[in-house]
1. Looking at the stretch 151-185, which of its residues are assigned to a loop (DSSP other than H, G, I, E, B), in contact (Cβ under 8 Å) with a residue 24 or more places away in the chain, open to solvent by 60 Å² or more (accessible area, probe 1.4 Å) and of a type in the set (D, E, K, R)?
2. Can you name every residue in the stretch 106-150 that is part of a loop (DSSP other than H, G, I, E, B) and of a type in the set (Asp, Glu)?
3. Mind checking which strands (runs of 3 or more DSSP E) fall wholly inside the stretch 1-105 and carry at least 2 residues that are out of contact with any helix residue (DSSP H, G or I) (no Cβ under 8 Å at 6 or more places or on another chain), within 14 Å of ligand 1 (Cβ to nearest atom) and open to solvent by less than 30 Å² (accessible area, probe 1.4 Å)?
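The values are calculated or read from the model by the stated rules, or taken from the named source; none is laboratory data. Fair warning: this is a prediction, and the values are worked out from it, not measured in the lab. Positions of Cβ are generated from backbone atoms using ideal geometry, with glycine treated the same way; all protein chains shown enter the neighbour counts. Keep in mind that these areas ignore ligands, DNA and RNA; they rest on the heavy atoms of the full protein, side chains included. Shrake-Rupley method; radii C 1.70, N 1.55, O 1.52, S 1.80 Å.
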Amino acid sequence: MDYLAPSVLSADFSTLGNEIAIVAAAGAEVIHLDVMDGSFVPNLSFGAPVISSVRKVTAALFDVHLMIQEPIRYLEDFKNAGADIITVHYEACKNVEETLAKILSLGVRAGLAVSPDTPTDVIEPYIETIDMVLIMSVYPGFGGQTFIENSLDKIKSVREMADSLGRKDMWIEVDGGIDYGNIAKVKTAGANVFVAGSAVFKGNPSVNVKKLRALL
Ligand code: DX5
Ligand code: ZN
């Protein structure tokens, strides 16, 4: 199954709950929430209190993308805020195994993200325990960047790795620069969760969600 995951980073924060309700009602099954600490990435966004506030507007899955150093320190906070999936960056964890185990011990689905310069083979030791791999198709930190084309090869190799290890159920999420022109080829490469920030929230979010979903 394919999922469209609007990234609220490009939403109007003055009416964030409303924006989330609109995209969920239009058919987005997953809401992508980008948490940034100004250290792992050169930008700040929001944290658990904001996620907790908007949790009440929809039953859609909350997919929390932690772009923060040593995320293990905050996992309980994000679980308590209502996260269904917590994704941490390979590059940001001192102990990846322990961090993923802690997410799973909280009863939350675990995702592992790799930035554009990180090769996908680092994922292999963890792939049997996690629920999702997140391939960053831009350098993390900002919305509105251009999709990096060699992400397609990374998606293919992660899909092959998951299949060969008997994990045909693995979710592969792609984040950054997804738009009308490339979403279909991202799917063909093997992804099934598609993050879109500016492509959803620029213009009419409800119409954009329907148009992007129709391309899947
Ligand atoms: C970037 C974030 C993305 C971003 C996507 O660090 O992780 O989720 O908001 O935005 P677009 O779709 O505009 O590239
Ligand atoms: Zn993201």
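1. Selection gives Asp179 alone.
2. Those that are part of a loop (DSSP other than H, G, I, E, B) and of a type in the set (Asp, Glu): Asp117, Glu128, Asp131, Glu149.
3. Fully inside the stretch 1-105 and qualifying: 30-36, 61-67, 85-89.
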